Amino acid sequence: MNVLKFGGTSVATAPAMRQVRTIIEKTGGAIVVLSACGGVTNRLLYGIQLAGDGQSAGATEIVNEIEQRHLDLCRDLLPDESLQRNILSKVKTLCEELRVFCEGVALLGECTPRSIDIAGSFGERLSTLVFSLYCQAEGINAVLFDVRGIMRTDSNFTSAKINFPELQRLSDEKLTPLLTDGAIIITQGFIGSDKRGITTTLGRGGSDLSAALIGAAIAADEILIYTDVSGIASADPRIIPTARPIPEMSFAEARELSFYGAKVLHPETILPAVERDIPVRVLNTFAPDDTGTLIVAKATREHGISAQERRRR
Ligand code: ADP
Ligand code: ASP
Ligand code: MG
C-alpha cells in the first residue's frame, strides 16, 4: 500500500484534479493525502485575522470567495446537474459552518491560535470533500476519511506536534480496516486534533509531514509526494529551467540541498518515513511518467549532483 500526497497546485483547478484522478485510478488502492486547493490556506488565514480584528464583513467576503471557488470547481468537474446537487450542497454546508465560525470570532474580536487552526482546517476539508465526491461520481471506490480521527497531536495550535504512538494506535483501529479491496482513502494533510478532539494544524506546508506520518503508521511500501515539478533538482527549476531533477539521493543529501535553498520539500517532514526505511519519491502530477527523485535513508547509487558537490563548485 502506498501513500500518495498531492500539494496545493495539484488540486488547484478542475484540470489538475482530473489529472490526480487518472493517477490514483491506476494505483489499485492507496491512501491519498491532499493539501488545500492552491492559495486557499492563505485566504483562510487572512479571513480569520480580519474576523479577529472585528471585521466581520471582510471575513464573510473571503468565505464567500472560497465558497464560490469550490462551487465553480464542482461545476467544472461534474457538468451533469443532477450529480452536482449533492456535492454543491455539501460544500455550501461546510462553508456555512466556516461563515458562522468567523462571525463568532468577529463578535469576540479576538483571534486565538486555536481559532486560526479551526479556520485553517477548512482548506483541506473542502479539497478532500470535493475530490472524494468527484471520484465517487466517476465510479471510483473512494472513501473520505477525516484524518483528525487519527492524527493525534498536542495542543500547540498552529504548529502542533504529533503523538506518534497514539497515531499508530488510532490508525490500526480506524484506518487499517478500510484498506481493503482496492479502496482509495482520501484524507487531509496539515490537520489533526488534540486529545480533547479540538482541531490543530501541523504548521504551514504540513501535508508532506502528514503523508510521512501516515505512511510510517501503516508501514507503507512507498510515499509518493506529487507536486508541480519532476523531483528535486540541483536548483529551483522555475528559476533555473536547465536544472535537472536528481534521480536518487540520501536523506542527508536532501537535507543539505534544502539547507542550501531547495524549497520543494522540507526533509525533516519526511523523517518519520526515512527512519522506517520507507522510500519517498517526489513526482510531478502533470508529468507522472517522469522519473522524479527517490529519497532513501542511504543512497545506493550516486546519480546527479549531491549538495556537497554543489558546494565545492
Ligand atoms: P506543493 O504545493 O506541491 O507542496 P511546493 O510549492 O511546496 O509544492 O513545492 C514545489 C515547488 O518547489 C516547485 O514549484 C519549485 O518551484 C520549488 N522548488 C524550489 N527549489 C526546488 C528544487 N531544488 N527542486 C525542485 N523544486 C524546487
Ligand atoms: N495547506 C497547507 C499550507 O498551505 C498545508 C500544505 O499545503 O502542505 O500550508
Ligand atoms: Mg509543499
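The values are calculated or read from the model by the stated rules, or taken from the named source; none is laboratory data. Bear in mind the structure is a predicted one, so any value in this text is a computation, not a measurement. Here the Cβ positions follow ideal geometry from the backbone for every residue, glycine too, while neighbour counts run over all protein chains shown. With ligands, DNA and RNA removed, areas are computed over all heavy atoms of the protein, side chains included. Shrake-Rupley method; radii C 1.70, N 1.55, O 1.52, S 1.80 Å.
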- Message: Can you tell me which of T128, T187, T13 moves the most in a GNM of the chain? Springs connect C-alpha atoms under 10 Å apart.
- Response: T13
- Query: Using the reciprocal of the averaged 1/r over all distinct C-alpha pairs, how large is the Kirkwood radius of segment 24-97 in Å?
  - Reply: 14.1
- Task: Grab the eigenvalues of the alpha-carbon gyration tensor for the chain, scale each by 5, take roots, and send me the semi-axes largest first in whole angstrom.
- Result: 31, 22, 20
- Query: In nm, what is the difference between 0.36 nm times the number of residues separating K161 and R204 and their Cα-Cα distance?
  - Reply: 14.2 nm
- Could you give the alpha-carbon Rg of segment 64-105 over 2.2 N^0.38 Å, rounded to two decimals? 1.25
- Message: Going by average Cβ density within 10 Å per residue, which order do the peptides 234-244, 106-116, 267-277, 206-216 take, highest to lowest?
- Response: 206-216, 267-277, 106-116, 234-244
- How far apart, in nm, are the 7 Å Cα→Cβ label points at N141 and L108? 4.3
- Solvent-accessible heavy-atom area per residue, rounded to whole Å², over the chain at 1.4 Å: 44
- A student applying the Cα gyration tensor rule (rounded when a/c is under 1.5; otherwise prolate if a/b is larger than b/c, oblate if not) would label segment 129-199 oblate
- Message: For a quick check, take a GNM of the chain with Cα springs below 10 Å and name the residue from D72, D80, D117 with the largest mean-square fluctuation.
- Response: D80
- Task: Could you look at the chain and say what percent of its accessible area is carbon and sulfur, using a 1.4 Å probe and all protein chains?
- Result: 51
- Under unit Cβ charges (Lys, Arg +1; Asp, Glu -1), what dipole magnitude, rounded to 20 debye, does the chain have relative to its Cα centre? 520
- Mean separation of Cα contacts under 8 Å (at least 6 apart) over the residue count of segment 84-211, i.e. the relative contact order in percent, is 27
- Percent RCO, i.e. relative contact order, over the chain, from Cα pairs under 8 Å lying at least 6 residues apart: 19
- Charge-dipole axis of the chain as Lys and Arg at +1 and Asp and Glu at -1 on Cβ define it, positive-most pick from P79, A219, P279: P279
- Note on the structure: Expected unfolding gain across L179-T93 under the 0.36 nm per residue rule, minus the alpha-carbon gap, is 28.1 nm
- For segment 202-259, Rg(Cα) over 2.2 N^0.38 Å is 1.27
- Solution diffusion estimate, µm²/s, Stokes-Einstein, segment 1-147, Kirkwood Rh from C-alpha pairs, 20 °C, viscosity 1.002 mPa s: 136
- Query: Semi-axes of segment 160-263's equivalent ellipsoid from the Cα gyration tensor, sqrt of 5 times each eigenvalue, largest first, rounded to whole Å?
  - Reply: 30, 17, 13
- Query: How far apart, in nm, are two points set 7 Å out from the Cα along the Cα-to-Cβ line at I240 and at K26?
  - Reply: 3.0
- Query: Between segment 55-133 and segment 202-218, what's the alpha-carbon centroid distance in Å?
  - Reply: 23
- Per-residue accessible area for K174 at 1.4 Å probe radius, Å² rounded to 10? 80
- Task: Normalising by the residue count of segment 130-173, find the relative contact order in percent from Cα pairs under 8 Å and 6+ residues apart.
- Result: 26
- Given unit charges at Cβ for Lys, Arg (+) and Asp, Glu (-), the dipole magnitude of segment 173-214 about its Cα centre in debye, nearest 20, is 200
- Beta bridges per DSSP with both ends in the chain, % antiparallel, nearest 5: 20
- Quick one: putting +1 on the C-beta of Lys and Arg, -1 on the C-beta of Asp and Glu, what dipole do you get for segment 132-207 around its Cα centre, in Debye to the nearest 20? 340
- Message: A 31 angstrom limit on the alpha carbon distance is what I want to check against. Which of K26/K90; K26/K298; K26/K195; K90/K195; K5/K195; K195/K298 exceed it?
- Response: K26/K195; K195/K298
- Message: If I model segment 71-229 as equal point scatterers sitting on the Cα atoms and use the Debye formula, what is log10 I(q)/I(0) at q = 0.08, 0.14, 0.18 Å⁻¹?
- Response: -0.26, -0.79, -1.19
- Query: Any idea which of T93, L50, N141 is furthest toward the positive side of the dipole for segment 1-151, if Lys and Arg beta-carbons carry +1 and Asp and Glu beta-carbons -1?
  - Reply: N141
